[in-house]
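Encoded as structure tokens, the structure appears first; notes follow it.
The values are calculated or read from the model by the stated rules, or taken from the named source; none is laboratory data. Quantities reported herein were computed from a predicted structural model and do not represent experimental measurements. Counting neighbours? That spans all protein chains shown, and the Cβs are built from the backbone with ideal geometry, glycine included. Please note that ligands, DNA and RNA were not included when accessible areas were found on the heavy atoms of the full protein model with its side chains. Shrake-Rupley method; radii C 1.70, N 1.55, O 1.52, S 1.80 Å.
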Amino acid sequence: MIYKALPRQGFFIYNIYMKLAGFFIALMFCGTVAAQSAKTEWTFSSAPGEAGKVILKVRATIPVGTIIYSNSNGEDIPAVIIEFDSSISNKITVAGTVQENELTKKDAELENAEVKYFERTLGIDYTLQLKEPLDFIKGKIAYIGFDGKEFTGPFDAEFYLKKQADGSYTGGGFQLKTTTGNGMLIGNLDLKKPVDNCGISQEENKGLLKIFILGVLGGLLALLTPCVFPMIPLTVSFFTKKSGSQSKGKANAVLYGLFIFLIYVALSIPVHVFNLPDEFYNQVSTNVYLNFFFFIIFVVFAISFFGFFEITLPSGLANKADAKSGKGFIGIFFMALTLAIVSFSCTGPILGSLLASNAAGGEWALTAGLAGFGVALGLPFALFAMFPHWLAKLPRSGGWMTTVKVVLGFIELALALKFFSNADLVMHLGLLKREVFFGLWILIGLATFAYLMGWFSFKKQYTKPVIGTGREITAFVFLAFALYMVPGVTNTKYANIGLVSGFPPPACYSIYTHPVNCYEPLHDYDEAVKLAKEKNMPILIDFTGYACVNCRKMEENVWTKQVVKEQMDKFILVSLYVDDKKELPVDKQFLYKTKDSADKKIVTVGDKWATFESENFEAVSQPLYALVSADGKLLVPPVGYTPNKDEYAKWLDCGYRAFKRLQ
């Protein structure tokens with residue numbers, strides 16, 4: 001039992017440990033883990049106190065068999081802690097505390113020290129001293145339970161009190177509004193009955209095919225690394241010479257390639273088994289902490305590719321897999337597993353880049369990417385076994401593979417900046433503006449060019465490389481790419497670099513006071529409705545995200561086309577960012593009851609618009625575009641990523657004609 005194992009001083013350490021554990025668990029689930037106070041039911045109310053004081057009355061019903069330690073025991077034992085919202089924490093203090101229903105017992109494990117606790121019911125009255133008048137009082141009660149065997153928590157229970165006209169405070173638990181409250185539902189919207197269907201078909205699987213192809217490309221890059229490439233002739237020769245017959249050798253090599261494919265696909269099984277909600281993947285891709293984490297990991301990957309160290313899985317895994325790689329069906333499987341393990345130092349960074357980049361696509365996107373990666377790695381073993389004379393045409397292993405790794409390291413650095421940019425945009429930190437991003441990519445491109453031309457090398461490379469034609473061509477490709485991006489640092493119409501659109505920050509996130517290519521739409525649906533009624537115009541709702549690559553591609557490559565601009569000018573454009581982590585004003589935060597009766601906390605701007613999208617349009621992906629009238633009628637079916645400018649313009653035109661028919 002944890003309780004018996006802890007000395008009195010250990011309670012304080014355990015309290016800190018539990019809070020840290022709770023933080024990292026919440027981080028893993030991107031801040032979507034709700035306060036787990038379901039087991040203990042909390043109620044809050046207030047009463048007037050002396051001048052400048054308010055009494056917060058906290059009551060709780062505790063499940064049978066669970067106790068909550070009182071805050072009368074000192075700092076060494078978990079307590080009931082009151083914490084105020086950061087916006088008012090310096091304007092309010094606890095002037096006094098009265099505890100009801102408090103029990104006392106002697107605990108043998110604490111040398112018969114008296115311990116105070118709550119059982120079944122809890123009552124605490126906090127006298128709050130206001131240093132200045134406050135429009136609201138918001139905070140939470142943090143606590144840890146003990147069920148006789150182990151501690152549970154930490155848990156939170158939030159409260160919100162609002163000042164009334166007479167100066168008193170009323171409220172209680174986190175505000176609850178139903179599906180019809182706060183403008184979260186568009187009243188007249190009916191997804192099944194748009195004004196015009198327009199005959200626009202959506203190809204839902206196109207995105208998965210694209211991700212699969214990216215996975216194949218990633219696998220092909222991995223093939224060219226020193227960890228994998230030399231294994232092709234060795235492994236194929238082993239099967240063709242040691243299998244007893246040529247046909248059996250070919251069959252075993254094909255089976256070996258199939259197992260490689262299945263091993264990588266199997267990595268996606270957990271995300272299917274756990275049945276995570278669709279919104280989870282979008283939150284993963286936009287979570288600030290995870291994006292900073294990916295940035296650090298990619299920098300580490302790059303340094304590894306530069307040859308300063310190797311990232312490997314524990315050698316014991318490879319040894320155990322290799323020990324079982326004897327003859328037979330099972331042996332071939334473990335040979336494939338051994339390859340996957342020992343090649344991790346080269347394949348891991350590439351595979352990690354692929355998975356992190358497609359995290360928002362959901363479980364099938366991850367599976368598609370892994371399948372493509374597995375196909376590219378496994379297929380060569382099967383093909384070379386079927387056509388062994390091809391082996392003679394393979395280039396020999398050598399220094400060129402080290403060059404491939406270093407170039408991949410530079411590419412990893414460029415990708416790392418994208419994840420840093422995601423976090424920077426979502427939090428509005430202003431650390432990596434668009435022009436700075438382009439400048440860093442230009443420097444990386446020039447550094448790659450210089451390396452390929454042999455102007456410098458890393459410490460692990462002691463011999464001067466031979467600069468062949470292929471290496472020179474590759475070098476000048478990187479030089480051309482760097483020069484191509486130079487207009488991106490300027491404040492001109494040429495700064496819109498179409499080839500890399502979606503990766504740099506948007507045009508408005510600029511070091512320039514008045515960016516030439518910047519157009520700021522509305523960012524609030526209610527404001528759009530008001531303006532649409534005044535001007536008698538339809539509304540174009542753009543569900544977007546700061547970290548959304550396809551959203552930037554649409555804005556920079558499709559919206560800028562004249563045929564599209566002409567149509568968009570007929571609409572009131574409102575862009576709703578579902579990953580905006582800026583907190584709403586406290587009196588605008590609430591607990592929302594969704595259509596399926598789930599409670600969802602609306603705390604940030606992104607929470608509001610992500611819920612607005614899922615509740616009204618039954619979608620969680622971005623970009624998503626919807627055309628509605630000011631009174632909420634759906635004009636045409638919503639569409640997602642539509643890179644074809646003519647198709648997108650046709651959709652807009654159909655929506656506008658549907659709007660005119662309503663007049």
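Each residue of the stretch 577-583 was assigned a 3J(HN,Hα) from its phi angle through the Karplus curve 6.51 cos²θ - 1.76 cosθ + 1.60 (θ = phi - 60°); the sequence is 8, 7, 10, 6, 8, 5, 6 Hz, with glycine and proline shown as x. Within the full protein context, the accessible area of V563 is estimated at about 60 Å² for a probe radius of 1.4 Å. The Cα atoms of the stretch 598-663 cover 38, 30, 18 Å along the three principal axes, with the biggest extent listed first. The stretch between L209 and N644, if pulled fully straight at 0.36 nm per residue, gains 154.9 nm over its current Cα-Cα span.
Put simply, the amide H of I572, placed in the peptide plane, has neighbours under 5 Å in I539, L540, leaving out anything fewer than 5 places away on its chain. Neighbours of E566, meaning other residues whose beta-carbon lies under 13 angstrom from its beta-carbon, give a summed charge of +2 when Lys and Arg score +1 and Asp and Glu score -1. Against the criterion of solvent-accessible heavy-atom surface with a 1.4 angstrom probe, I541, I442 sort, most first, into I442, I541. Residues of the stretch 590-630 with the amide nitrogen closer than 17 Å to a label point 7 Å from the Cα of L191, along Cα-to-Cβ, please. Inside the label zone: 594-598, 609-628.
Largest accessible area first, the residues I411, I55 order themselves as I411, I55 under a 1.4 Å probe with ligands, DNA and RNA left out. For the stretch 134-157 versus the stretch 475-491, the spacing of their alpha-carbon centroids is 54 Å. Local charge for P623 was computed over the other residues whose Cβ lies under 13 Å away, with Lys and Arg +1 and Asp and Glu -1, and equals -3. For the pairs K91/K162; K53/K162; K57/K91; K116/K601; K535/K588; K210/K633, flag any whose C-alpha to C-alpha distance is greater than 23 Å. Too far apart for the 23 Å limit: K116/K601; K535/K588; K210/K633.
Each Cα pair under 8 Å and six or more residues apart adds its separation to the average, and for the stretch 113-168 the resulting relative contact order is 30 percent. Among the protein heavy atoms, those of H514 account for about 150 Å² of accessible surface (1.4 Å probe, every chain in place). Taking a sphere under 10 Å around the Cβ of Y546 and counting the other residues whose Cβ falls inside, with K and R at +1 and D and E at -1, yields a net charge of -1.
Relative to its Kirkwood radius, the Cα radius of gyration of the stretch 528-598 gives an Rg/Rh of 1.07. Approximating the spin labels as points 7 Å out from Cα along Cα→Cβ, the K535-to-D631 distance works out to 2.1 nm. Once the Cβ-Cβ distance of C508 and T170 is raised to the sixth power relative to R0 = 41 Å, the FRET efficiency obtained is 0.50.
Residue separation of E83 and R661 scaled by 0.36 nm, minus their Cα-Cα distance, works out to 202.5 nm of gained length.
At full extension, F456 and V94 could sit 124.0 nm farther apart than now, given 0.36 nm per residue minus the alpha carbon distance.
Quick check for you: which residues of the stretch 51-67 have the amide N under 12 Å from the point 7 Å beyond the Cα of T121 toward its beta carbon? 59-62, by backbone N distance to the label point. In order along the stretch 477-483, phi translates into HN-Hα couplings of 5, 5, 5, 5, 5, 4, 5 Hz, rounded to whole numbers, per the Karplus curve 6.51 cos²θ - 1.76 cosθ + 1.60 with θ = phi - 60° and x for Gly and Pro. Taking amide H positions as modeled 1.01 Å from N, with prolines and chain starts lacking one, no residue 5 or more places away or on another chain lies under 5 Å from Q622.
Estimated at the nearest 10 Å², the accessible area of D135 is 120 Å² with a 1.4 Å probe.
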